[in-house]
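First up is the structure itself, then whatever we jot down about it.
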Amino acid sequence: MAAPCSPESGPAATGGTGPRVYFQSPPAGEGGTEEEEGPVRRQGRVTVKYDRKELRKRLHLEEWILEQLTVLYDCQEEEIPELEIDVDELLDMESDEARSARVKELLVDCYKPTEAFVADLLDKIRGMQKLSTPQKK
């Protein structure tokens, strides 16, 4: 077992040279089956499971969107007006017309033509999956 160190005797109180915490291995015969079965590897708990390929596609899309917005607004990334193009929201919409209207609504302050960006964005999200949180079983 480990002996926790209290804040008074911890490293911060003594300038970094306080007592250390050591873990003892269980005595022989008390759950010490690692020698017979080899090292036991415990798996961590996963709170949400996503498909890595979909995450990678989404990351590339997000980077592409930022790149295009810097061109459309003719400024640096930090200077882009505060707007959020929610890909999951677009994927929930029934038609490309609704998606197109929503993106154009978000880009209403852009003085450059946005039709090519909107068309390219719709092409890129076609076939993508929503990244909603899976339900617990």
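The values are calculated or read from the model by the stated rules, or taken from the named source; none is laboratory data. Because the structure is predicted, anything quoted here is derived from the model rather than measured. Positions of Cβ are generated from backbone atoms using ideal geometry, with glycine treated the same way; all protein chains shown enter the neighbour counts. Side chains included, ligands, DNA and RNA excluded: accessible areas come from the protein's heavy atoms. Shrake-Rupley method; radii C 1.70, N 1.55, O 1.52, S 1.80 Å.
Just a few scattered comments:
- Of all the residues in region 43-84, those that are at pLDDT 85 or above, over 25 Å from Met128 (Cα atoms) and either assigned to a helix (DSSP H, G or I) or touching a strand residue (DSSP E or B) at 6+ places or on another chain (Cβ under 6 Å) (or both) number 0.
- Of the criteria (1) open to solvent by less than 40 Å² (accessible area, probe 1.4 Å); (2) touching a helix residue (DSSP H, G or I) at 6+ places or on another chain (Cβ under 9 Å), which one Asp88 fails: (2)
- Out of Leu55, Leu83, Leu72, sole residue that is in contact with a Leu (Cβ under 8 Å, 6 or more places away or on another chain), within 13 Å of Val118 (Cα to Cα) and not hydroxyl-bearing (Ser, Thr, Tyr): Leu72
- Taking region 111-129 as the range and being assigned to a helix (DSSP H, G or I) and under 28 Å from the mean Cα position of the chain (by Cα) as the test, the residues that pass are Phe117, Val118, Ala119, Asp120, Leu121, Leu122, Asp123, Lys124, Ile125.
- Test: residue in region 89-110 that is at pLDDT below 65 and outside any loop (DSSP other than H, G, I, E, B): no
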